[in-house]
Structure formats: C-alpha cells, structure tokens
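Undergrad: Dropping a structure here in structure tokens format, bear with me for questions.
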C-alpha cells in the first residue's frame, strides 16, 4: 500500500549479544618509506607517505590489490543480503525531486534530467538539461552543481561536475524555446552563478598541473564576468584575491545594483575577513571596490548580505551576538548601522528578502520555525515545523511573490509547499508517495550528558513498539563541525534500515551550529575533543537506555564526520562493532597541504603552529592507532576524484588500521570509481548496510522487507 506524506502543522505560534568471528583477511602490504617530520622538536614518522602519490607504481599496485580484496568481500555480501533490491524497490516510489524556483520558472531534477515548468504544481515538466549528454566519456559521471536564470528569464546557466570533482564547467541553454547555447566556461570552482544584464559572474582558481589534481593547493581565486556570446578568453577579470591561499564568495543583489564580494586579506601577520561592494549605479564611485566590513579572522563570526533595500544592505551576522541578528548597513553613510531584527533566544539560520517581506528561519531546541516579517520588522506570520524534521528551500528575491519551501525527516523525502508572501497562504505542491505507512514509525528527541556535563540533543528514529531490549541494530550518525546544523534528513539507507527493525540515531554534537556560535566554538580548534566525547557519550546513552549494545552499534559519518568516526575508534575501539568512515580527513598534521585543505585551518588549526600541533597530534586518527588492538569492523570509503577531502587520507588511514588491527574484524578500503566528495549510489549504500549486518551477525531473514 502506498501512503502519502504531507505537512499538517502550519500555525501561528510563539517563538543478548551475538559476536561473529571472521577469519582474518590477508591484506596487501602497503608501500613503506622512512620519512619523518620534525614538528617543533617532535619527530613524527610517516611510513605511508608514498600513498599520497597515486601515480607511483607501488601505490597503484597496492590500490589495485586493495580494491580487488574489498570488491570480492563486498560483492559476496550483496548476494547474501537483499538490501540493494530493497533500495531499488523503494527508489521507484520516493519522489526525490525538490522543486526550486529561479527567475519566474520552477525546476526539478528527475533522475539525470533537469526539468522546467511554469508553475510549481504541474504534471507536465519539460526536460531542459539531460546530464549524460555532457559526459566526457563512458566512465564520466556528470552531476549538476547549480543553476540560475537570467534576469530577463530568457537563459539558464548551469554548472556541471565531472566524476565528482569540485572543478566545474558552466553551460547555457535558452528557455522557451529550449536551445543549447554555444558558450562554455571551464575551470570554475566553488562558484555560484550571479547574473547581471546580458552576462554573469563566476569564480575560478589556478588550475593544477595534470596529474596533481588531488595534491596541489587550490590557489589564486578570481572572479570574472562573462558576456553572452563571448569566448571565455574575452571574459573580464573583476576581482582577484590578494591573499594567495584564500577562497572568496560573491553575490549580486536582486536589483543588480551591487556586487558583493567576501574575501580574506593579510595585513602583516594578521588575516582579516572582509566584505566589499561595487555600486553599478553610482556616478561618483571609482572603478574600485569599497570595503564595508573588516574583522580579524581570529574573531569567529560570519556576515552575509541578504539584499539591499533602497540602497542599504540588509545583513545577517553573529558579530557581537551568539545566535544571529539582522542589521541595516548604510554604505552611503560611512557604513552607519542599525538593528533591524535583534538577537533572540532562537538561532537565526537563514534569512531572505522575498517580495515585500523578510523571511527568517529560526531553530529552537532543534525545532524549525519560518518567521515572516514585514519591512518594518513586525512579525506577520510563523510556520512551525514538526519536531524531528528539517526545513529547506525559500530561495527567492524581492521581485517574487511566491516561493517554494519543503520539509523532510528520517521518515519521508522532501515535501514541497508553495508560499505566497503577500497573502501568507501556504499550499501543497504535490504529495509525496512512500511504500510504507509513516504512522508505523516515530522520531524521538532525547538529551544526554557528555563527559564534561554538557547536555547534548539526539534524534532517534525507529518503528513504534520496537522492543527496548538493548539488542536493536543501530546506526549512530554524527558530524559536529563548521557550525553546520544537523537535524533529521531523509536518507534511503536510513529508512530501509528502520523498516527492517533497526534504529537510526543522530547526535547533534558540539562543533555544529544547533545552539549558535558558542556551540560551534566549543567543538572547534582547541576544543575539538569535545566533539569526540559527545559522540562517545551518545553511544553510551544508547547502551544505558537499552536501545542497543556495543555489538549491535555502527558508527557512521562522512567528511568531517569521517574524521569523527576515525578519531573515536582510535580512542575507543570497544565502543562499537562496526565503523563506516566516508570521505574523511585522517592525517591532521598534513591536511592543509592539499587542494583546499588550508581553508579548514579556522576549524582545526594547523601543525604549523606549535600549540595547535600538540593538540592535533593528540587526536589525529592516523597518528593515534595502536598496535595489537582489536578494532571494529571498518569500511573506509573514498572517491577516486575527491579533490576536497583527498583520497590519500583514506589510503593512509586504511593501511595503518589494517596493520594495527589485532582482531579478526575486517578493515576494508573501498574506492568508488569516478566519484568525488559524496557517497550516494544505490550499490554503495547496499554495500554499507550489508557490511553492517554481516559483522553484527544479523541473520538474513532479519532484513527482509515485507514487500
């Protein structure tokens, strides 16, 4: 039976243990070297340094043998467990298309086709971009990174990634009629597309030498303007970063009056975050950018221009606050400021200037609220979301009257709604079908105590009535970094696990932004150990409350969450039976030397500083593995084209873990082909859960769905 999911909470409100023994696998010997680094008098051996260079014959041989071992093991599990069939079955029902608005059109990605429609609710979308048509060959997987409609609504510019790389190309099509445009921009990276007139702005970096895409630093950020019909060589250089190893961001206000650029500048030995602008309508401004915010990078704060209102900047920031507020900057009045929306007890997540309203998304004890203000700052509407869900969408401009937003949870994919900011009415765009009765499941919000006494929230998703006997196979997921807010999101692997009598738990760790700036700071830089302690305490809470036990617990995390999993199993190898570490960073002494790694120094610190080195050395996963220890069954996953958390981290960590492990639990390195900084294929997810079930000793009959 199919069941339909839709949002019904819209209101005005105030703010016995089984342990499987595997026969020990025979791992290929990793190439070794006698390299050592001297950090302020401390000599650190790096025996796996050769794995940083995948062009070396011995590294190639090792990777080939590792892949052969992993694929043989994991493919057997795919035959043993029906996970892949279940995921493929469910994919036939899940509506993965999130409706987005750009210009006056609505867009939806269906499979590998970007579709456009003139109304949010339309049963006849038109396929405008077919991603495989832009493939560079049989092995090239093309993904859509972003898109934007021109101000006259005649053109769509979209950015494409090949095989998961962060390097992108930008293409164009005309809208109604749909025709491919000959313009092609190559070498773009970490860019948005901001239209102005008959062209758009984009960002590039210095292209690395061939063969060094996964090692060479990403440097020399530049912003160009491309006029439609011109060759890329004719594009105008608009801005160049003064600091070689800095990334930049930019935006054009909705009325096309201002170009705003965010960058870093070095003055002496101190680094500053700055925001500057160019006023295209000014008759007096010289052809240069004017700085209106400049603060030392050591001050952990952010600022973002939401829009300009009558020539004044509406800015969201946490400068001199913890939870965020909105200010008005007057660039013509010596940057005179005033508070537009003050700081509240709730955390300000995002804000938008849409039509004649300001929409602000707040989070209060992990519950989302969409607050609508008029241009005087008065609250005129409040949309409250159910506990255990996440909000998204809302993109729009002051020229729009309606926008699309959606909400999702562990139990259902995004459900889209259309919101009219003039009459404040909300209506369902389309129902979301799922092949199960959502009423059979529940999401519980719990609070537990970390090592230092801090209360940490956690969401637990499971079947209603599932016995609380401490024996449920459980996936504990975490991230804890960069001020990113983690609330329940839909993941087909999670839902499949929950359907089959499993539990999914999300620990909302420090280092994130769930409670504002201090929450982030308590889990970053010299406080990073708090994040690992929070995750360990989450596992112990699940044991104490009889949700699960160490032999039925799997830790899971990706990117910064991969670092989290690696650090925790290095410190507490007894805490779980299985560990899934995806696209992580594990060598915390050298991460800053590769591609965009230097940009993370504000989050972690670097080994270039004597005090920060000592702290990093204490938790770096690669450097804290110990010999003759029984580590959990571990699946280390990376992408061969990941030029962000470069795969050398996974290579070195997997090799060291295999060497250190004294038990029979398998330690596998799985390298996804033609992918980058993401793990999303049905086959990979099936491998992950089959690996979990095999090493938890769950019998085959336990994971059949009732289909």
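Undergrad: Could you give the spread of the C-alpha atoms of segment 152-193 along their three principal axes, from largest to smallest, in whole angstroms?
TA: 31, 17, 15
Undergrad: Relative contact order for segment 100-213: what is it in percent, counting Cα pairs under 8 Å that are at least 6 residues apart?
TA: RCO, segment 100-213: 16 percent.
Undergrad: Could you give me the percent of Cα pairs per 10 Å distance bin for segment 396-469, shortest bin first, beginning at zero and ending with the bin that holds the maximum distance?
TA: Result returned by the calculation: 15, 29, 25, 22, 9, 0.
Undergrad: Return, for the Cα atoms of segment 473-568, the radius of gyration and Dmax in Å, separated by a comma.
TA: 13.2, 40
Undergrad: Further, regarding this structure: Please work out the Cα center distance from segment 65-94 to segment 404-445, rounded to the nearest Å.
TA: If you average the Cα positions of each part, the centres end up 30 Å apart.
Undergrad: Over the Cα atoms of segment 41-151, what radius of gyration and what Dmax do you get, in Å?
TA: Rg, Dmax (Cα atoms, Å): 22.3, 68.
Undergrad: Just how far, in whole angstrom, is segment 261-300 from segment 169-232 if you go by their alpha carbon centroids?
TA: What the calculation gives is 23 Å, centre to centre.
Undergrad: What ranking do 588, 458 get, fewest neighbouring Cβ atoms within 10 angstrom at the top?
TA: The fewest-first ordering by Cβ neighbours comes to 458, 588.
Undergrad: In deg cm²/dmol and to the nearest 500, what is the mean residue ellipticity at 222 nm of the chain if only DSSP H runs of at least 4 residues count, each as -39500 (n - 2.57), divided by the residue total?
TA: Computed mean residue ellipticity for the chain: -5000 deg cm²/dmol.
Undergrad: Also, I was wondering about something else. Based only on other Cβ atoms within 10 Å, what is the fewest-to-most ordering of 361, 692?
TA: By the 10 Å Cβ count, ascending: 361, 692.
Undergrad: Give me the tail of P(r) for segment 582-707 as a percent: Cα-Cα pairs with distance above 22 Å.
TA: 46
Undergrad: Something else about it: With the Cα gyration tensor of segment 492-548 in hand, give its eigenvalues times 5 under a square root as the equivalent ellipsoid semi-axes, listed largest first in whole angstrom.
TA: Values for segment 492-548, descending: 27, 14, 8 Å.
Undergrad: Another question about this same structure. Using only Cα positions of segment 176-222, each an equal point scatterer, no hydration layer, compute I(q)/I(0) via Debye at q = 0.15, 0.21, 0.22, 0.29 Å⁻¹ and quote the log10 values to two decimals.
TA: -0.55, -0.84, -0.89, -1.15
Undergrad: Test of understanding: ordering 79, 318 by Cβ neighbours within 10 Å, fewest first, what list do you get?
TA: Ascending number of Cβ neighbours within 10 Å: 79, 318.
Undergrad: A further question follows. Mean 1/r over all different Cα pairs, inverted: what Kirkwood radius does segment 181-331 give, in Å?
TA: Mean inverse Cα-Cα distance, inverted, gives 16.9 Å.
Undergrad: State the antiparallel share, in %, of DSSP beta bridges confined to the chain, rounding to the nearest 5.
TA: Percentage antiparallel, nearest 5: 85.
Undergrad: Over segment 100-213, one equal point on each Cα, no solvent: what is log10 I(q)/I(0) by the Debye formula at q = 0.20, 0.21, 0.22 Å⁻¹?
TA: The Cα Debye sum returns log10 ratios of -1.13, -1.23, -1.32.
Undergrad: Binning every alpha carbon pair distance of segment 565-616 at 5 Å from zero, what are the percents per bin?
TA: Spelled out per bin, shortest first, that is 4, 18, 25, 19, 16, 12, 6, 0.
Undergrad: Using Cα-only point scatterers and the Debye equation, what is log10 of I(q)/I(0) for the chain at each q in 0.06, 0.08, 0.11 Å⁻¹, rounded to two decimals?
TA: Reported log10 I(q)/I(0), two decimals: -0.35, -0.64, -1.32.
Undergrad: For segment 328-454, just list the percent of Cα-Cα distances falling in each 5 Å bin from zero outward, please.
TA: So the P(r) values, bin by bin, are 2, 9, 16, 18, 17, 13, 10, 7, 5, 2, 1, 0.
Undergrad: Could you give the nm distance between label points at residue 469 and residue 518, where each point is 7 Å from its Cα heading toward the beta carbon?
TA: So the label points at residue 469 and residue 518 sit 4.4 nm apart.
Undergrad: How high is the relative contact order of segment 278-407, given as a whole-number percent (alpha carbon pairs under 8 Å, six or more residues apart)?
TA: 13
Undergrad: Shifting gears a bit: Please tell me the relative contact order of segment 627-671 in percent, rounded to the nearest whole number, where contacts are Cα pairs under 8 Å and at least six residues apart.
TA: Computed value for segment 627-671: 61 percent relative contact order.
Since every read-out is calculated from the coordinates, none of them should be taken as a lab result. None of the values given here were measured: they were computed from a predicted structure. Ideal geometry is used to build each Cβ from the backbone, glycine not excepted, and the neighbour counts take in all protein chains shown.
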